[in-house]
Each structure stands twice: as C-alpha cells, then as structure tokens.
Amino acid sequence: MRIIRIAPLLLLFAATATLAADQAAPPATTQPTLQFKIDGKQPGDKTRAELIRLGLELLRTSNFNTVNDPQLLRQSVPVIQDHYRHAAAGDYVLIRYDHPITLKTVGGDVTVYDIFIGLARPDYVSSLFTIDDQCRVVAHEKYSGGVAIEFKKLAAMNGN
C-alpha cells in the first residue's frame, strides 16, 4: 500500500526534474564556431566555412588517436597535454561545438566538442587534437597529408 502512495510523488519529481533540465540547457546548434589565431586576423565567412569543412575532413582521415590506440601511440597524459599547450601557444584554428558530436574516422568513432589544428609548420598542419565528451585532450596521428597541406595553405592565405 505504501508503494502505491509514493508512486505519484516519484512521477511528479521525475517530471519536474526533466522539465528543469530542459529549461536549463540551451538548444544545441549544429553550426560550430571557429577561432582563428594567426597574427590576430579573422577569416571571412566563405573561408571560415571552408576551414571548418577541411578541419572535419582532416579529423575523419585520422588513423590513430590516444584514446582508441593508447598502447600503439604510447603517449602519457602529461606528454599529450604538454604538446597541446605548446601547439596552442602558436598559430592554430579551433573548431568548437556547443555539444558533443560523433565523427567516424579511419581509426574509429570519436566524440568531440573541439577540434584543434596546430599551424606551426610552414608547409603542413603541425598537430591535430580534439577535446572529447569527457574533457580529455586527445592527440590524433597519421592523417591525410593532402588535406593537411590544403588546410595549411588556406589558413596561411587568410593570415597574410
């Protein structure tokens, strides 16, 4: 008998909690934002869209990452974070979503909020990192050289 009296109260609590969660969370957008750090310049809308497209394509070509392949890449958390901080001190492009997205890569599915593309090399993308849905910095390795060169050229043209 007691269980029957508590059941409506539990349903009311669940409905109230769900309603509060829905009101607290802003609606997710599918359009990412782009942060561009090259000599303080910002790309135009057309270039911005192309950098996002190429950045997503570059990530999809990644063969390995430090979450899916830790035994192969053998990079500790402090080493990955040190490489990320070093890359972030230089020129980069950051593609950011306000919610996690899942992408299929050559090396398996990845769920990300941020795609960070380092531009320290003169001819090629120097690094590729993501921030995943568990707030981990994930290093990606062995991605398409052609896409990396095309991305770097576009970013460099805009930065000059």
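Put simply, the amide H of SER127, placed in the peptide plane, has neighbours under 5 Å in GLY118, ALA120, leaving out anything fewer than 5 places away on its chain. The length gained by stretching the chain between GLN81 and ARG60 to full extension, at 0.36 nm per residue less their Cα-Cα distance, is 5.4 nm.
Which order do the peptides 48-57, 111-120 come out in when sorted by mean C-beta neighbours inside 10 angstrom, highest first?
On the way: 48-57: 17.4, 111-120: 20.4.
Descending packing order for the listed peptides: 111-120, 48-57.
Applying a threshold of 22 Å to the alpha-carbon distances of LYS41/LYS104; LYS37/LYS142; LYS46/LYS152; LYS37/LYS152; LYS41/LYS153; LYS37/LYS104 flags LYS41/LYS104; LYS37/LYS142; LYS37/LYS104 as lying beyond it.
None of the figures in this text is laboratory data; all of them are computed from the coordinates on show. Computed from a predicted structure; not experimentally measured. In this analysis, Cβ positions are derived from the backbone assuming ideal geometry, glycine residues included, and neighbour counts consider all displayed protein chains.
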